[in-house]
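What follows draws every value from the coordinates through simple rules; no lab data is involved. Please read these numbers as outputs of a predicted model, since none were measured by experiment. For neighbour counting, all protein chains shown are included, and Cβ atoms are generated from backbone atoms with ideal geometry for every residue, glycine included.
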Amino acid sequence: MKRLILLGLLVSSFVWAQPQPHNFSFSQIKRIPIQNGGRLKPLDSFAREWVLGITGSRTFKGFDSVDLILSWISFPNEWEKEPFIRINRKDVKKQLLLSEDRKYFSPQELTHNAAFLQYADQIASEMGGQGVKKAQVTKTGVKEDGRQRELKTVLGRLTSFRRVTSGEVWTLVPDPQKWKSIADSSSAPEIEKSFKSLIRAYVASEKDAFSQAAVLLKGAVEGKMKTQGADIQTVQSRAGLETLSNEIRFFQKAWSLYLLAGLCFLMMWVSQRKRWKVLAWGLVSLGFVFHVLGFGIRVFLTQRAPVTNMYESIVWVSFGVMVFAFILYRLQKKKILMTTACFLSALALIAADANPTMLNPGLDPLVPVLRSNFWLTIHVLTITLGYAAFALTYGLANINLFHFLAAALKAKKEKVKPKVSPKMADLNQLTYRAMQFGVVLLAAGTILGGVWADYSWGRFWGWDPKEVWALIALLCYLAILHGRYAGWVRPFGFAAWSVLGFTSVVMAWYGVNFVLGVGLHSYGFASGGMEWVATAVLIQIILVLLVSFFHKRAS
Amino acid sequence: MNALFRFLSSLKLAVITIVGIAIALTVATFLESWYDTRTARFWVYRSFWFYGILALLGVNIFAVMVDRWPWKKRHLPFLLAHIGILMLLFGSWMTYQSGLDGSLMLEEGQSSPRVELEENVLVLIDSMKTQILPIEWKPAHYPFEPYSLGSFDLEMDQWISHAEPKIQFSKAQSDEPPAIELVIEGGPMNFEKAIWLFAGDQNWSTLSLGPAQFTLFPVSVGVDVKQLFSVPIRKNHAFFWRGKKNELHYRIYSKDGTYMGGSLSEKSQETVLSTGWMKQIKELKLRVRQWMPHALNETSYHPARVQKGPDAPPSAIHLRVKGKSSVGVWLGLGDRAVLDTGETEIQIQYRRKQVMLPFSLHLEEFKIQNYQGTYNPAMYSSFVRVIDENAPQEKIEIKMNDPLKWKGFTFFQSSYVPARPRPTISIFTVNQDPGRFMKYLGSILLVLGSALLFIRKYVGKKGKIS
């Protein structure tokens, strides 16, 4: 390995220039199996995950992920000077005395930064001190603030980069226990040799030699797996499928199509021509096919229900929104349903897609408590379908609020009392239907959660924050429904409360994991995005208040 | 009476209680996030007013059902849903009244019938009698009044909800092990931290602080120093020991394995020793604040710095003999002590409440399996035997989601104590729930009823619209 780096050094000292993308054909190398993060994955996924982890974005300067990660290990010295480590927060840049206008910084800048070094030392000593007895040194127990978290992330990015260039993370040598890294392997000469020739070809920019070396490396790794008793055909087909789904990015296709479909549905109000209808339905169906395919492949690859983290649950909820829209459309034939659902679903998928550092799209393995469990699967799928129904409720009620606003303004102008038009009544009726779906599913899902908890922890109900918030959301909607039944919640109130009620779902779904961060559902805890969610909720509340103000004034 | 019934069976009350419960629960989850689970339980989940609201909800539902009498076929969905809720509430009450939810920790080869519960008790024993008194957990800012303990001449006069032990050292004459207080100071971040080392207790004789280690040898006079330093790793390690004339010897190894050493007389105060640590930036120094060639230790408790979250430590109590304020003792959870009242000796233990099962569980083997190439557990399970009449002789596997049931008790694999090379201590949740059937039946009725309620409404309304 040392020789390899030396080689890179030698070549690079002649061509002292910015590393450029090679844009070779990477189709062979992408499918090479590698063990990383607790599972076997194709090198393509491995490269994508590390590139995302280090640069904080999916692509960097037009490099393909595999291209970039190969470039890192081939030209480590050039990359030392290349700014590609992302720092987002201004206060962190300020603290490190770095220019606040820049987004990316080079490893060299960071390793020569005294303030950063001091921080790294502090982290290292914190890590080393973990074994200290509680009575003598206690952790301060204060939640990390965003600045500290960012510093830690930056430090992590730097170390990750070093681990990539040192070859440590390239665990390409199959072993029944734990795959060996290419840096400390002596037991697999073929793998080592072909890896070296791969890098040599990459450094020398020799396209054909590179392709040959890639084929050799793939053969060597798979050959070794075979001698250890692995079923190569399965490995190959799974790697192929995963690479394919990485490249197609099904959910991205799905949201683009939903967005277009939504626009076409909107056009149906403007134009009576049939082509819009055909186009809209064609697009939404195609989008749905991509959505389902993306899901199916995910389930096939992970062998589990696709709702174990925030990313997956958003994708599942947007799927649920579409399903409910289809069902309700069959029953009530209102195109506003499809319009709402398309935009809602597209927005959710965009949110899930836009921030891969926060919402991890990786196919990570599960913690033991979540494994192979029938009840869990049923429980989570049901409860999140409930969220989907409420999302639809929320979307429809929001549209209705705008009708109410328009009606209120118009009534004010004409100096009459605002009336509930048939359109508004219809929308409320649809909202009501969707809410019923939601209430039944959420009730069933929460209870199924109890059944699961009883089955695997031995208690039906334990006031765990996640279960409590599911219950709170349920109670909120029950209060709305009972209020409506009693006649206290009038048509306008119903629309307004249906919008506000969704706050409880946001809290149950996102808030417990990202804001409260306590309880037994800790496997889903994460952080980030709070500013965005809080702002969105706040804007929504202000909007509702504004509309109610106009509505009150007019009536 | 009629007015009261009308109020109790009103939709208004239903909406108010529903909203009330929702608000209470919201507050509880935030309490849990800001403080901890115990605080949320104390103020909401286990508080009498919360039970009150739940009871009110039950009464309300019951009254509404009575109000609908005589029931007709069209009432069926409504009745199912609401009877379901009543059954859920009743089942939960049964669980609360006579259910068991505790934990059982076993090491391989060990067997035990003892299940630990979450509540705390105080066990008091003297030559005449034994008493077990429940100690209710209260949050830090809740006013505490001293109270007497059963028929003993004792009272509990202090309560700390999250307590940290503090060991104090005092100079003793001779035959006692040494203790030293050091202040670590300087370094690139102008660090300052005081630590105690005490040779009389293994937990206190060596301390790690980041990469640095500190050791006070329990041995003294006449020991061959060379033999002392057969410790394999001697980097960033400061050693101290007592010499023949009660002087303090030290030897401080730096990062590269070189050391500087010397000795200080018993009387010398506030001497600063250089360490050679972090020399390239700014050196860390050690100041000897107190040196006790012979020391005694005494444990007391004070409120912990960590007052919330899962890392917050358990509670501690202080007891004293009635009328003699000077005779008292601190007890952390799990501690034992003996207190002499002048008339009799009382043995005291502050611990979790325990329940003895009518049989024992024996742990044969604990197995753990990691995800490929990592230390992240993928699955773990325990092989156990039930020690009881008529119990099967063969080993039974308890794993996640696959519990063992015996005589109405259910054993779940809930956790283990992590250890290298492999963990050998398994933790089970032990559970007995008389309300289970009621809760399940209630759940089914509730879901069925609410689904029917909406389907029926849908069919009905559709007819009206068209």
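Odds and ends about this structure:
- Electrostatic tally near A:Val299: other residues with Cβ closer than 14 Å to its Cβ, Lys and Arg +1, Asp and Glu -1, net +1.
- Cα-based shape type of the protein assembly as shown, given that a ≥ b ≥ c are square roots of the gyration tensor eigenvalues and the cut on a/c is 1.5: oblate
- Across the options B:Trp69, B:Val447, B:Pro421, the greatest Cα extent toward the positive end of the charge dipole of the protein assembly as shown (unit charges at beta carbon of Lys, Arg, Asp, Glu) belongs to B:Trp69.
- Under 5 Å between amide hydrogens, built in the peptide plane, is the criterion, and for A:Lys180 it picks out A:Val173, A:Asp175 among residues at least 5 positions away or on other chains.
- Projected area averaged over orientations for the stretch B:251-368, convex hull of C-alpha atoms, nm²: 17.1
- Placing unit charges on the Cβ atoms only, positive for Lys and Arg and negative for Asp and Glu, gives the stretch A:375-555 a dipole magnitude near 1160 debye about its Cα centre.
- Degrees, to the nearest 10: B:436-465 long Cα axis against longest axis of chain B: 50
- Residue-wise HN-Hα coupling along the stretch B:7-23, computed from phi with Karplus coefficients 6.51, -1.76, 1.60 (Hz; x: Gly, Pro): 5, 5, 9, 7, 5, 4, 4, 4, 5, 4, 5, 4, 5, x, 4, 4, 5
- In this structure, the amide hydrogen of B:Asn376, modeled 1.01 Å from its nitrogen in the peptide plane, lies closer than 5 angstrom to those of B:Tyr371, counting only residues at least 5 positions away or on a different chain.
- Efficiency of FRET from Cβ geometry, B:Asp256 and A:Ser205, R₀ 45 Å, rounded to 0.05: 0.55
- Here the gap between A:Val278 and A:Gln212, fully extended at 0.36 nm per residue and compared with their Cα-Cα distance, gives a gain of 18.9 nm.
- Counted charge near B:Asn297, where neighbours are those whose Cβ lies closer than 10 Å (Asp, Glu -1; Lys, Arg +1): -3
- Solvent-free Debye scattering, log10 I(q)/I(0), computed from the Cα coordinates of chain A at q = 0.07, 0.10, 0.13 Å⁻¹: -0.52, -0.98, -1.36
- Distance from the C-alpha centroid of the stretch A:436-451 to that of the stretch A:189-217: 55 Å, rounded to the whole angstrom.
- Here the spin labels are modelled as points 7 Å beyond Cα on the Cα-Cβ line, and at A:Arg490 and A:Lys412 they lie 1.7 nm apart.
- Projected onto its three principal axes, the C-alpha set of the stretch B:344-466 covers 80, 57, 36 Å, listed from the longest axis down.
- Other-chain or far-sequence residues with amide H under 5 Å of B:Tyr416's (modelled H): B:Ile427
- Estimated [θ] at 222 nm from DSSP helical runs (n ≥ 4, -39500 (n - 2.57)) normalised by residues in the protein assembly as shown, nearest 500: -16000 deg cm²/dmol
- Taken over the Cα atoms of the stretch A:295-396, the convex hull encloses 103 Å³ per residue.
- Residue (of B:Phe5, A:Ser197, A:Cys264) at the positive-pole extreme of the protein assembly as shown, dipole from beta-carbon charges: A:Cys264
- Separation in nanometres of the label points that stand 7 Å from Cα toward Cβ, at A:Leu543 and A:Thr503: 1.4
- Charge-dipole axis of the protein assembly as shown as Lys and Arg at +1 and Asp and Glu at -1 on Cβ define it, positive-most pick from B:Trp93, A:Ser27, A:Met435: A:Met435
- Modelled label positions at B:Glu192 and B:Asn2, each set 7 Å beyond Cα in the direction of Cβ, lie 8.0 nm from each other.
- Both numbers refer to the Cα atoms of chain B; Rg and Dmax are 31.0, 105 Å.
- 3J(HN,Hα) from dihedral phi, the stretch A:346-357, Karplus parametrisation 6.51/-1.76/1.60, rounded to Hz, x for glycine, proline: 4, 4, 4, 5, 4, 4, 5, 7, 6, 10, x, 6
- Sum of side-chain charges, A:Lys180 neighbourhood, beta-carbon under 13 Å (Lys, Arg +1; Asp, Glu -1): -2
- Estimated at 0.36 nm per residue, the fully extended path between A:Met358 and A:Gln429 surpasses their Cα-Cα distance by 21.9 nm.
- Förster-model FRET efficiency, 41 Å R0, A:Gln148 and A:Met267, C-beta, rounded to 0.05: 0.25
- Shown for the stretch A:375-555: lysine pairs separated by 8 or more places, or found on different chains, whose C-alpha atoms are under 28 Å apart, numbering 12.
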